[in-house]
1. Consider the stretch 172-188. How many of its residues are more than 17 Å from Asn225 (Cβ to Cβ) and more than 11 Å from the chain's Cα centre (by Cα)?
2. Taking interchain pairs and intrachain pairs at least six residues apart, which have beta carbon atoms under 9 angstrom, with the first residue in the stretch 21-33 and at pLDDT 95 or above and assigned to a strand (DSSP E or B) and the second acidic (Asp, Glu) and crowded, with 19+ Cβ neighbours inside 10 Å?
3. Kindly establish whether Tyr176 is of a type in the set (Phe, Trp, Tyr), crowded, with 18+ Cβ neighbours inside 10 Å and out of contact with any strand residue (DSSP E or B) (no Cβ under 9 Å at 6 or more places or on another chain).
4. Looking for whichever is under 22 Å from Leu227 (Cα atoms), assigned to a helix (DSSP H, G or I) and without any contact (Cβ under 8 Å) to a residue 24 or more places away in the chain here; the options are Lys150, Lys95, Lys134. Which one fits?
5. Considering only the stretch 189-219, how many residues are assigned to a helix (DSSP H, G or I) and either under 17 Å from the mean Cα position of the chain (by Cα) or closer than 16 Å to Val103 by Cα (or both)?
Amino acid sequence: MNKITYKTYYNTRLKEVYFHGKLTHPLYVMVTFERQTIYFKSYYFGLFSQPRFFLDVPGAGSKGPDIELAIKKENEVIAFIIEKHKDDFSLETFKAAYAYYSVDLCELSERGFRDYLYTFFWDDGSPYLGDLVKHGAGHIIAYNLVRDFKRNFQKERYDKLVRNAFDYAPPYLPLYGFMSEKKRWPELCLTMMEWQSIEITLAFKDYLDKVYPDVDGLELVKEVNALPYSKWA
């Protein structure tokens, strides 16, 4: 295979943007193969710049992830793709693989889960709570909202919310719950690259058996596998 080179860099041709309160040029990626080069914005720069990764605790201060985390994740996924496609590498193959393997399954499924919560609360007689979840709480991780719902809702209502989620929402709750047991802030993501590991999928199945024993774990694993091609993507 011909030599492949890549690097991350700050695109100084573009205006500076805020990354959790700090001005910086956007992070980009350059990949070169057979004298052809492609340039594109870092997926992880966009991911970790989201408000939900910013910690702001009353009395304890605030902080956000460092851009070095985005660079680390870029290097990991690019090296993974190059190794996986060492016998059939092309820039077109790389672009398709990057779009697939870099995606954070928690972010991908959270959008559909928020839509589910919006509909659930409207149907359940709390339309303004639904509006708040959909339109006014984008900086709050949906999983953390549900944890507060558990503390403040009657058990019957909370159980209904969780039970219906498995029928009408993407598998966000088990994905984020599993991920949060394995990782710590600020790397609160579960990429499709990581999901490809048999150790991860087996650990996820064990997590389901423990936390959601009434759920068909094998079917849910299949649902996660199909997430990038689903209506939630």
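1. 9
2. Hits for this filter: Leu27/Glu74; Val29/Glu74.
3. Details: of a type in the set (Phe, Trp, Tyr): yes; crowded, with 18+ Cβ neighbours inside 10 Å: yes; out of contact with any strand residue (DSSP E or B) (no Cβ under 9 Å at 6 or more places or on another chain): yes.
Criteria met by Tyr176.
4. Only one candidate qualifies: Lys134.
5. First, the residues of the stretch 189-219 that are assigned to a helix (DSSP H, G or I): 192-195, 198-211, 217-219.
Next, only the ones that are either under 17 Å from the mean Cα position of the chain (by Cα) or closer than 16 Å to Val103 by Cα (or both) stay: 192-195, 200-201, 204.
Count: 7.
The rows are residues; the columns are (1) hydroxyl-bearing (Ser, Thr, Tyr); (2) modelled with pLDDT under 95.
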{"position": "Gly136", "(1), (2)": "no, yes"}
{"position": "Arg151", "(1), (2)": "no, no"}
{"position": "Glu156", "(1), (2)": "no, no"}
{"position": "Lys160", "(1), (2)": "no, no"}
{"position": "Asn164", "(1), (2)": "no, no"}
{"position": "Pro170", "(1), (2)": "no, no"}
{"position": "Ser180", "(1), (2)": "yes, no"}
{"position": "Met192", "(1), (2)": "no, no"}
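The values are calculated or read from the model by the stated rules, or taken from the named source; none is laboratory data. Computed from a predicted structure; not experimentally measured. Heads up, the Cβs are rebuilt from the backbone with ideal geometry, glycines too, and the neighbour counts pull from every protein chain shown.
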